[in-house]
Amino acid sequence: MKKKIIITAPTSVIAENFIKYLNNKYDLVTVGRRNSDIIFDFAKDEQLYIPDGADAVIHFAGMMYANNLKEICEMINVNIAGLIKVCAAAKHYRTKQIIYISSINATLFEKSLYYGYYSLTKKQGEELAALYCKKEGLRLCIIRPSQIFGPDPAYGKVQPLLYLMIKSALGNKPITIYGNKDVLRNYIYADNLFQIIDEAVERQAEDFVNAISPDNLSLSDMAKIIIEATGSSSKIVFLKDKPDMEDNDFYADLNYFEKWNVPFVPFEEAIEQVVKRFTAGGI
């Protein structure tokens, strides 16, 4: 008998591709503002009704950008209050496990250039959910991915720099890097993340999981890998008249791909798969 899994925000690029990745492994029920089995707005609606006794709810819903007061308030409602609504529904309807797809940005400190409303609300959502679940006796697994990429063209909207590099290489155009500093980045291939999420379901995990690549790569190293994968004649050019960028690298004490014995696709192989989609006319 298939496990019953509830997935929120099924039209988001990550959730949509996770559903495809599962390939009918589970009996899925989707929850979101549109194109879902259960219509629910995490920012505005109050009480979430979900099927009773589900094996897990995987919460993908989140808001990444806020540029004004209205959007900041909406982000708080989605990233913090919306998560607690899921936890409350899981308790009321006897869901066995909650898996929250957070972000590695929740671990950032105030001094980081990338610290902002998104990272702060993700951190506060984690803390509030952890406290609620502890008090209510709920099984919670928080998964924090780094920058996610994959073959789906929609990933390019959230990772524009990486996809611009690929497009430049395919066109044999220079791959440009702002400033003089060869900064570090941490990208996680979507299938690697999906392996971790699925394993968390199978294990009924109750943990904080940093789902990041074991290796941080410099932008120039990434560019070299892309040039090789595309067979490009592109040159790597540092635009020294532009301001330097800052590192956005992450390190983890535990490598969950090793701990859980989960297969890991390295960056080089992942880029080859993305490039195949590019050259097939998918992007």
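Things worth noting here:
- For ALA81 and ASN255, a Förster radius of 35 Å and the Cβ-Cβ distance give a FRET efficiency of 0.60, rounded to the nearest 0.05.
- Taking each DSSP H run with n ≥ 4 as -39500 (n - 2.57) and averaging over every residue of the chain yields -11500 deg cm²/dmol at 222 nm.
- Listed cross-link partners LYS4/LYS25; LYS181/LYS235; LYS3/LYS96; LYS167/LYS240; LYS4/LYS134; LYS111/LYS259 are compared with a 20 Å cut-off, the Cα-Cα value being larger for LYS167/LYS240; LYS4/LYS134; LYS111/LYS259.
- Between the stretch 1-43 and the stretch 52-96, the Cα center-to-center distance that results, in Å: 14
- Net charge of Cβ neighbours under 12 Å - reference ASP191; Lys, Arg +1; Asp, Glu -1: -2
- Taking each residue as 0.36 nm, the span from LYS96 to ILE39 lengthens on full extension beyond its C-alpha to C-alpha distance by 18.3 nm.
- Neighbours of LEU138, meaning other residues whose beta-carbon lies under 13 angstrom from its beta-carbon, give a summed charge of +4 when Lys and Arg score +1 and Asp and Glu score -1.
- The chain, accessible surface, carbon-and-sulfur percent (1.4 angstrom probe): 50
- Taking the centroid of alpha carbons for each part, the stretch 195-268 and the stretch 138-169 are 10 Å apart.
- Using the 1.4 Å probe convention, the accessible area of the stretch 98-251 works out to 46 Å² per residue with neighbouring protein chains retained.
- Surface accessible to a 1.4 Å probe, ASP247 within the full protein complex, Å²: 60
- Residues listed by number, the stretch 237-275, amide nitrogen under 19 Å from ALA130 label point at 7 Å toward C-beta: 250-256
- In Å², nearest 10: area of LYS242 left accessible to a 1.4 Å probe: 80
The values are calculated or read from the model by the stated rules, or taken from the named source; none is laboratory data. Being a predicted model, the structure only gives us computed values, none of them experimental. Using ideal geometry, Cβ is built from the backbone for each residue, glycine included, and neighbour counts are taken over all protein chains shown. For accessibility, only protein heavy atoms count, side chains too; no ligands or nucleic acids. Shrake-Rupley method; radii C 1.70, N 1.55, O 1.52, S 1.80 Å.
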